[in-house]
Amino acid sequence: MDADLEQAAMLQGHLKHLEARNTGCNTRRSEHTEVINALMCFRGIDITTAFGLAVEIGDWTRFTGSSIGAYLGLVPSEHSSGNTRSQGSITKAGNSYARRLLVEAAWQHARAYRGPGVPLRKQFDLVSSETRARAEVWNRRLHHVWEQFEKRGKKPVKANTAVARELAGWCWSVAAPLQERAARSPIFTEAAMHAA
């Protein structure tokens, strides 16, 4: 038991070290800074999760709100024969690390959302009013999805997977427009020409 506590303390220290490094990286402007700041407006997505999602997914514009769930393997598998169609467990295709980050973040939405706390309000100050408004609506919506699954007596693991799939779509909806705007920016295109 003492070994388990020691390992948990060691892992917690390692996580704090990584979060400090990621925060330092994020304060310096990078190609991912705006996306990371936007993703952190969702409950359950801290600096480590946002950094991981931004880097693992990279170009969000290659997806749509519905196709990103399939890319991450968060959609149900399907078995069909003739007129019979049945759905199974999620496909688990695609990027397993990004999928795990979203699944872990989705658990936060099981708790009631009464409005942004101090950390979330500070994060809202770093993004546009449009992103802030979207995040506020979607944080409420994702908790509502959880409540609906609970009312129907669904297992928490299934509810969490559904919330993670929806969270992936909401993350795409803030990240993709930011990247599209950056691609049209003269500063971005000039920097890309110099890098080439």
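Can you give the FRET efficiency for Glu56 and Val137, using 1/(1 + (r/R0)^6), R0 = 35 Å, r = Cβ-Cβ distance, to the nearest 0.05?
Details: r = 25 Å, r/R0 = 0.73.
Calculated transfer efficiency: 0.85.
Return the lysines within reach of Lys92: Cα separation strictly under 26 angstrom, same-chain partners fewer than 8 residues apart disregarded; answer none if there are no such residues.
Result set, ordered by chain and number: Lys154, Lys155, Lys158.
Kindly report the accessible area of segment 118-180 per residue (heavy atoms of protein chains, probe 1.4 Å, no ligands, DNA or RNA), in Å².
Values: 3400 Å² over 63 residues.
With the other protein chains kept in place, segment 118-180 gives 54 Å² per residue.
To make sure I understand the rule: partners must be lysines, Cα under 18 Å from the Cα of Lys122, and not fewer than 8 residues away in the same chain. Which ones qualify?
none
If one computes the Cα centroid of segment 101-125 and of segment 134-170, what distance in Å separates the two points?
Segment 101-125 and segment 134-170 have Cα centres separated by 13 Å.
With the crude spin-label approximation of a point 7 Å out along Cα→Cβ, what separation in nm comes out for Gln148 versus Asn83?
Each label point is offset 7 Å from its Cα along the Cβ direction, giving 2.9 nm.
The values are calculated or read from the model by the stated rules, or taken from the named source; none is laboratory data. These numbers were taken from a predicted model, which means no experiment stands behind them. Quick reminder, even Gly has a Cβ in these numbers, built from the backbone with ideal geometry, and neighbours come from all protein chains shown. Keep in mind that these areas ignore ligands, DNA and RNA; they rest on the heavy atoms of the full protein, side chains included. Shrake-Rupley method; radii C 1.70, N 1.55, O 1.52, S 1.80 Å.
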